[in-house]
Amino acid sequence: MIKYYIIIDIVGLEFGHLGSSLIPNISKLATEGESAMMEPVFPAVTCTVQTSILSGTYPNQHGIISNGFYDRINRNVSFWEQSSDHVQAERIWDIVHKKVSYGNEDITETKIEGLISEMPSPSPSFSSNLKSAVLFWQNTMFSNADIVVTPRPIHLDSGMIMWCYSKPVGYYDAQLKPMIGEFNLATYWGPMASPTSSKWISEATIYTLEKQKPNFLFTYIPHIDYSAQRFGKKSIQVRDDLKVADSIVENIVQKTVELGIREESQFIIISEYGFNDVSCAIPLNLILRDAGLLATRTIQENEYIDFEYSDAFAMVDHQVAHVYVKKGFVERTKKVLEETSGVENVLDEQEKRQLKINHERAGELIAVADQDKWFSYYWWYEKEMAPPFAKNVDIHRKPGYDPLELFINPSTRSISQDSNLIKGSHGRKGDRMKEEGLSLYMSNRKTGILNKNGMDSPPHIKSVDLGKYLTSLV
C-alpha cells in the first residue's frame, strides 16, 4: 500500500536521458515502473506547467498564463509573484486540506446531509490525517499545504536579507537554517546560480521526509535549467549537472530506506519542459516601438515603457510573448508581428482557445518564436538609455523574463546585455512528431496513465494527465 508520494521536479531532464550512464539511479527507478515523454501545456514555462501538474487543469482554468501577467488595473507587469491566491483552481494540497477538514470537523446531524454531496470519495489508502509538503515550487506562499518552503528575500536600503518564507511559521528559521545553513539565493538565480541551490533544497527535502513524513511531498531541483540556458541542452555542463541530479535522487531514495518507508513510497520524477537550442533573440518591444505601437517615457535619462500610451507591448517569456493590445490596434499589431523575422506564428482568440490559453490575463495576441530564437524584453536603442534594472538581477521589475541575468559583464560588473550568450530556451508548444519540447515523466510504480494512450511508441502523456492522476490519489 502506497502511503508516501514523492514528486521530484528536475528541470532539464528528458526521456532520452533514461538508460544512460548519466542518471543510473533515476533510470533504475524507471525500470521498476513506467516512463514516458511528457507534453507540457502551452506555454511551456515553469509557473504554467507546474500549476497544471498540481491541478490537472489547463491555463484557461487555473489562470497562470505565464511566469507573469499584465495587471490591467494598475497598468504594470507582475512577474514571479509567489502568492498562492493567483491560482484559480484547486491544487492537490487544497484537496488534501478539504479532506482533512472534513475528517476532523465535528459534524452535527444537521450538517451531514449538506456535506455528503460535497465530500470527495474516501480513498482506501489514507485516513483523514493527510499531510502535504511543497519545497520551492511556484505560487505556494499562503497555500493550504501543511509545509511550505520558498525563497522570499527581504530587500532593504542597506542590502538584502536572504530569507525563505516557510510554513509552519519558523520552519525555515528555527529548523532548516540551524540544521543545514542559510539558503543562498545567489546560487538559485543570477550569475552565480549553480548546483549548490539544488543540494540545499535536497537536504531540506530529506530533513522534511525524516521529521514530517508528508504523504505528498513536492520538491524542485533547478540547476540543470541554468546550464541548458547558458550552454545548450547537449553541452558538457548539462551532462555534468545530470549526474548531480541523479546523486540527489539517490540520497532521497536512500533516506526512505533508512526511514523504513521505501516499499510504501512512490517516486514520480518529472521535468517541466524540453529545451531548444537557440542562436539569437528577437526584441519584440523594440519592433513594436519601430512600428509606432509602443510608447516610452524618459525619466532621469532612462527610457521606460509607457503602459498608458502604448497601443501594444510584449510581456516576453522565453520563446513566447503575451502581447497586450489596445482596442482597435489588434489587426495592425498582428500584421507587424507576422512580418517580423524570427516570429513563427501569432495566436489570435480562436487559436488561444484551441491551446486552452484563452484567459482574461492572457495577451490579446500571443507571439511564438522560431524554434532557434527567443524573445528579449528590450525596447531601447542605446544601452545608456536602458532602465537601471536592466543591469541588475531584478526579476520582479522587468516586464518579462531575462535569461541574461545568468551572465555578468566583467568590464561593467553588471548583468550582460549580449543576447547572443543564451544557448537554450523553451516555451513553444510541444510537438510529438518532432519530439520538440517534450519532457520526462517516470514513476517507480505502475499508474495506469500510459494505458490511456494506446500503443504509442515511445509512450507519452500530457502534463494535465499527470495532474489528474495526482489529484485522484487524495
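What follows draws every value from the coordinates through simple rules; no lab data is involved. These figures come from a predicted structure and were not determined experimentally. Reconstructed Cβ throughout: ideal geometry from the backbone, glycine too, with neighbour counts over all protein chains shown.
List the chymotrypsin sites (Phe, Trp or Tyr not before Pro) within the range 305-381 that fall in a DSSP loop (any state other than H, G, I, E or B) and whose Cβ has at most 14 other Cβ atoms within 10 Å.
Here the chymotrypsin sites (Phe, Trp or Tyr not before Pro) that fit, given the DSSP loop and packing criteria, are 309, 381.
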Q) How compact and how long is the chain, expressed as Rg and Dmax of its alpha-carbon atoms in Å? A) 22.5, 74
Q) How big is the Kirkwood radius of the range 316-439, worked out from every pair of different alpha carbons and given in Å to one decimal? A) 16.0 Å
**Q.** Mean separation of Cα contacts under 8 Å, 6 or more apart, over the residue count of the range 279-422: relative contact order %
**A.** 29 percent
Q. What is the chain's relative contact order, in percent, from Cα pairs under 8 angstrom and six or more apart in sequence?
A. 29 percent
Q) If you put +1 on each Lys and Arg Cβ and -1 on each Asp and Glu Cβ, how big is the dipole of the range 279-422 around its Cα centre, in Debye rounded to 20? A) 280 debye
Q. Using only the Cα atoms of the range 1-65, what do you get for the radius of gyration and for Dmax, in Å?
A. 14.2, 40
Q) Can you sort 192, 38 by how many other beta carbons sit within 10 Å, fewest first? A) 192, 38
Q. With axes computed from alpha carbons, what is the tilt in degrees of helix 463-472 against the longest principal axis of the chain, rounded to the nearest 10 within 0 to 90?
A. 30 degrees
(Q) Past 31 Å, Cα to Cα: identify those pairs from 177/429; 98/326; 335/373, in the order given. (A) 177/429; 98/326
**Q.** Options 390, 2, 248, ranked by Cα towards positive dipole end of the chain, top entry (Cβ charges)
**A.** 2
